[in-house]
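Just so it is clear, none of the values below were taken in a lab; they were calculated from the coordinates. What you see is a predicted model, and the numbers here were worked out from it, not measured in a lab. So basically every Cβ, Gly included, is an ideal-geometry build from the backbone, and we count neighbours across all protein chains shown.
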Amino acid sequence: MTKWFPLPRGEAFARHSHPDHQLAWASEGVVTVAIDDSTWVLPRSRALWIPAETPHTTTAASRSLLGGIYFPPSTCPIPWTEPTVVTVTDLLAELLVHLTNDAARRHARDRAEAVVFDLLEPIAITTLHLPRPTDDRAARVADALVHDPSDARTLAHWGHHVGASDRTLARAFVTDTGLTFSAWRTQLRLGAALPLLADGISVANAARAVGYGNPSAFIVAFRRVLGTSPGAYFNRDRAHTDA
């Protein structure tokens with residue numbers, strides 16, 4: 001079964017789960033799926049396998065057309081028990097769209113689903129991990145940065161703002177999130193940049209928008225955290241460079 005959901009930027013499905021396995025895929029735009037403290041950012045070139053009964057939140061990071069493709073566990077041959085990212089090739093995309101044809105005969109649909117299952121190949125991809133600090137002062141810093149990821153103030157500057165030393169804030173981020181302040185802010189900035197890149201904004205402009213002084217530093221951070229270049233993430237690498 002497949003359902004399509006046209007979503008304006010920012011619209012979200014609050015935390016919920018399904019009795020069936022779901023393949024979450026945006027044929028247009030980009031969506032994010034959050035499960036616990038992990039977030040997957042999904043352009044058209046990627047989909048997320050969400051096992052049945054897994055609570056998740058789905059948000060449109062840009063104007064999107066979200067496809068919810070559902071498979072009953074009793075007849076599904078996919079054994080994955082954890083959220084799993086797959087690459088959406090042109091062929092897989094066509095098949096997923098084909099599955100939305102409610103007029104398709106049952107046997108024809110079964111054959112199409114069998115090919116879809118054959119094409120679902122997991123790929124190694126790092127999720128964005130952005131837990132919110134529980135310490136009130138660190139949480140105020142985190143909330144301000146979520147509002148403006150380009151804010152370049154140091155922990156010392158933030159400490160003056162929230163009434164804590166930079167050491168206290170640094171400890172709070174590590175204790176509450178498992179990440180240093182710098183690593184946490186990098187995750188936040190990359191998460192903010194991905195929807196911009198999905199909308200076709202250049203790497204240089206996206207980098208500046210989220211607080212990087214030059215695109216090279218942004219690309220280095222992107223590769224380090226997400227394991228690939230911005231162009232490859234969106235299947236845009238051609239003969240040109242990322243910048």
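So how strong a dipole does region 1-118 carry about its Cα centre when Lys and Arg Cβ are +1 and Asp and Glu Cβ are -1, to the nearest 20 debye? Charge dipole, region 1-118, about its Cα centre: 320 debye, nearest 20. Counting Lys +1, Arg +1, Asp -1, Glu -1, what net charge surrounds ARG185 among other residues with beta carbon under 12 Å of its beta carbon? Around ARG185, the surrounding residues sum to 0. Projecting the Cα positions of PRO72, ALA183, VAL41 onto the charge dipole of the chain (unit charges on Cβ atoms of Lys, Arg, Asp and Glu, taken about the Cα centre) puts ALA183 furthest along the positive direction. This structure gives percent of Cα pairs over 31 Å apart, computed directly, and of (i) 45; (ii) 29; (iii) 18 that value is listed as (ii). With a Förster radius of 22 Å applied to the beta-carbon distance between ALA52 and ASP110, the computed FRET efficiency rounds to 0.70. With a Förster radius of 51 Å applied to the beta-carbon distance between ALA232 and THR75, the computed FRET efficiency rounds to 0.90. Could you work out the helix-only [θ] at 222 nm for the chain, with each DSSP H run of four or more residues adding -39,500 (n - 2.57) and the total divided by the number of residues, to the nearest 500 deg cm²/dmol? The helix-only estimate for the chain comes to -12000 deg cm²/dmol at 222 nm. Largest GNM mean-square fluctuation among ARG185, ARG111, ARG208, using the chain with Cα springs under 10 Å: ARG111.
Placing +1 on each Lys and Arg Cβ and -1 on each Asp and Glu Cβ, with no other charges, gives the chain a dipole about its Cα centre of roughly 480 debye.
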